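Enquirer: Would you mind keeping the following structure in view while I ask a few things?
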Amino acid sequence: KLEALVKELELKTIKSHINPHFIFNALNSIRALIDENPGRARDAITELSNILRSSMQAEKLETVPFEKELNIVKDYLALEHIRFEDRLKVEYQIDEDTLDQPVPPMMLQTLVENAIKHGIGREVRGGVIKIVSDFKGDYHELIVQNSGKLNGHINEEGFGLSSTKNRLQLLFGEKSNFQIKQINGNIVEAIVLIPV
């Protein structure tokens, strides 16, 4: 019981560190849209509302179906598209059979937020974010790729890496895995493996 309580407290502590910084950018983007495209501004408010509702519910849930998490990420990327316009391209490669797999709430969103902040946002021409969800052996494999460079070192706090690693281990044990690496010179890849 004590171990279970400690795990629950650790999860709550980790969840509370998820940074909702994008809210400020989203609000600024929406403000800019109000006069020029009121319909899109209304949609953007709905998208932001969905994200905020989901992040508040994340406190109560240990896992959510991947499909729910993916929908939040789509809302998030729609908001970021307002800000980045043609500088942000998004690709999805989703195995539909993975949509009901359990994932930590807001984990994918955090990885995508980091991909924008540390990748796309620093590239003058912008770039591509690619989200992959598939089965690989006995694992549900989630991949977030983005244009950019790791700059030789990984700041664990800055990338939300330590909280991602901790949450995965607490929820899925030692078999789960998370890593981030540079591939092909100008692509950063974050890979999450969750045992199924």
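Enquirer: Exactly one condition in (1) at positive phi; (2) at pLDDT 95 or above; (3) not charged (D, E, K, R) is not met by residue 92; state its number.
Expert: (1)
Enquirer: Next up: Output yes when any residue across segment 78-99 is touching a residue at least 60 places away in the same chain (Cβ under 8 Å) and within 21 Å of residue 118 (Cα to Cα), and no when none is.
Expert: There is no residue in segment 78-99 that is touching a residue at least 60 places away in the same chain (Cβ under 8 Å) and within 21 Å of residue 118 (Cα to Cα).
Enquirer: A follow-up question, please. Quick check on this structure: which one of 90, 132, 144 is of a type outside the set (Lys, Arg) and either surrounded by 22 or more Cβ atoms within 10 Å (Cβ to Cβ) or assigned to a loop (DSSP other than H, G, I, E, B) (or both)?
Expert: 144
Here is a yes/no grid of residues against (1) modelled with pLDDT under 90; (2) within 20 Å of residue 80 (Cα to Cα); (3) assigned to a strand (DSSP E or B); (4) open to solvent by 10 Å² or more (accessible area, probe 1.4 Å):
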| site | (1), (2), (3), (4) |
| --- | --- |
| 112 | no, yes, no, no |
| 128 | no, yes, yes, yes |
| 140 | no, no, yes, no |
| 151 | yes, no, no, yes |
| 159 | yes, yes, no, yes |
| 164 | yes, no, no, no |
| 170 | yes, no, no, yes |
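Enquirer: Now for a separate question. Taking segment 160-175, which residues are within 18 Å of residue 109 (Cβ to Cβ) and either touching a Leu at 6+ places or on another chain (Cβ under 7 Å) or not hydrophobic (A, V, I, L, M, F, W, C) (or both)?
Expert: 160, 162, 163, 164, 165, 166, 167
Enquirer: Based on this model, can you work out whether residue 119 counts as at pLDDT below 90, of a type outside the set (A, V, I, L, M, F, W, C), under 16 Å from residue 80 (Cβ atoms) and open to solvent by less than 20 Å² (accessible area, probe 1.4 Å)?
Expert: Values: at pLDDT below 90: yes; of a type outside the set (A, V, I, L, M, F, W, C): yes; under 16 Å from residue 80 (Cβ atoms): yes; open to solvent by less than 20 Å² (accessible area, probe 1.4 Å): yes.
Criteria met by residue 119.
Enquirer: Separate question: Which numbered condition trips up residue 84, out of (1) under 17 Å from residue 131 (Cα atoms); (2) more than 15 Å from the chain's Cα centre (by Cα); (3) of a type in the set (A, V, I, L, M, F, W, C)?
Expert: So the condition that residue 84 fails would be (1).
Enquirer: Going through segment 37-84 one residue at a time, which ones are at pLDDT below 90, open to solvent by 70 Å² or more (accessible area, probe 1.4 Å) and either part of a strand (DSSP E or B) or not hydrophobic (A, V, I, L, M, F, W, C) (or both)?
Expert: If the condition is that a residue be at pLDDT below 90, open to solvent by 70 Å² or more (accessible area, probe 1.4 Å) and either part of a strand (DSSP E or B) or not hydrophobic (A, V, I, L, M, F, W, C) (or both), then 53, 59, 60, 62, 83 are the ones that fit.
The values are calculated or read from the model by the stated rules, or taken from the named source; none is laboratory data. Computed from a predicted model, the values in this text were never measured in an experiment. Counting neighbours? That spans all protein chains shown, and the Cβs are built from the backbone with ideal geometry, glycine included. Please note that ligands, DNA and RNA were not included when accessible areas were found on the heavy atoms of the full protein model with its side chains. Shrake-Rupley method; radii C 1.70, N 1.55, O 1.52, S 1.80 Å.
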